[in-house]
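For reference, the structure discussed in these notes is given below.
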């Protein structure tokens, strides 16, 4: 006898198709702004969350990670990889999915793709941090590295920080051409540059987002003048950096979670006790962010599980309102919770 699953067996699932439909329904800039606000709200609750560096499995060609956290009411985790060689094989460098669950029962509330969602939450986090750290009159951003994340970053800084000009550079001109095409008609002045130095011209904000898993020097010390804000998001695993060490020693450095950033971020180049400021302390007003016109602020962002938790929570609410999901039969739900085998036996 075949029996239909009960309502308790079903979990909402947001596919890539439905995630794209949700973004188009809301509008990409609105979604970036709303994500930034939800992430900032959770940074204000930072002390409530479980915090641990992500669990990483490294190989010669990439990394696979689990990123868990809980606020005591809800639990969330993300599976994510980073394989720079994938693009040469026609594959994504980063793929991800995530789960939001109820702490009280352990039952999942949401299963969702997070490849697109990670790009959105990363950009939203960058711009959210920048509105606390950037020069107040900055309207031009240099975007170094024009891969899959670039357009999201540019649109987030436009919508959240008021950037009106982006200067693009990538060692692969085809990547710059791609980003320029995608940003055309979206309210930004887009300048394609032939070098990193050219991209710096007039930029008050500098975002670096490259993929190669190596100690790299995307920005040299002579490229960075006083008074800028650097959004460094490409250094996100051990052995992978983008900035010359001398830039770090001239900057006031802001991070998500120091135990993770000291392993994975730009500051892996520095002594383990080098002073950094946790971003949540700036957001809650406990410590200052930008304090002067000549100050160089650096957000050494590696991505942290609380940001993914915020994104999962946001999507869970939005899909309930918009219907951009399907229900999956994921949870075994026997009539008698102690009779799981009986449920199996009677299903023939």
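Observations on the structure shown:
- Within region 202-242, being under 18 Å from residue 146 (Cα atoms), without any contact (Cβ under 8 Å) to a residue 40 or more places away in the chain and surrounded by fewer than 23 Cβ atoms within 10 Å (Cβ to Cβ) holds for 214, 216, 217.
- Exclusive hit being more than 19 Å from the chain's Cα centre (by Cα), free of Cβ contacts under 8 Å to residues at least 12 places away in the same chain and more than 24 Å from residue 47 (Cα to Cα), set 328, 248, 340: 340
- Positions within region 87-118 being without any contact (Cβ under 8 Å) to a residue 60 or more places away in the chain, more than 17 Å from the chain's Cα centre (by Cα) and either part of a strand (DSSP E or B) or not assigned by TED's automatic domain parsing to the domain that holds residue 45 (or both), in sequence order: 101, 102
- Checking 68, 84 one by one, the residue that is touching a residue at least 24 places away in the same chain (Cβ under 8 Å) and touching a strand residue (DSSP E or B) at 6+ places or on another chain (Cβ under 7 Å) is 68 and no other.
- Whichever residue in region 288-312 is touching a helix residue (DSSP H, G or I) at 6+ places or on another chain (Cβ under 8 Å) and part of a loop (DSSP other than H, G, I, E, B) and, among such residues, is surrounded by the fewest Cβ atoms within 10 Å (Cβ to Cβ): 288
- Residues satisfying the stated conditions in region 272-287, i.e. outside any helix (DSSP H, G or I), at negative phi, out of contact with any strand residue (DSSP E or B) (no Cβ under 7 Å at 6 or more places or on another chain) and modelled with pLDDT of 95 or more: 274, 275, 284, 286
- Test: residue in region 18-32 that is in contact with a strand residue (DSSP E or B) (Cβ under 6 Å, 6 or more places away or on another chain) and at pLDDT 95 or above: yes
The values are calculated or read from the model by the stated rules, or taken from the named source; none is laboratory data. Just so you know, these numbers come straight off a predicted model, no measurement behind them. Neighbour counts run over all protein chains shown; Cβ positions are idealised from the backbone, glycine included.
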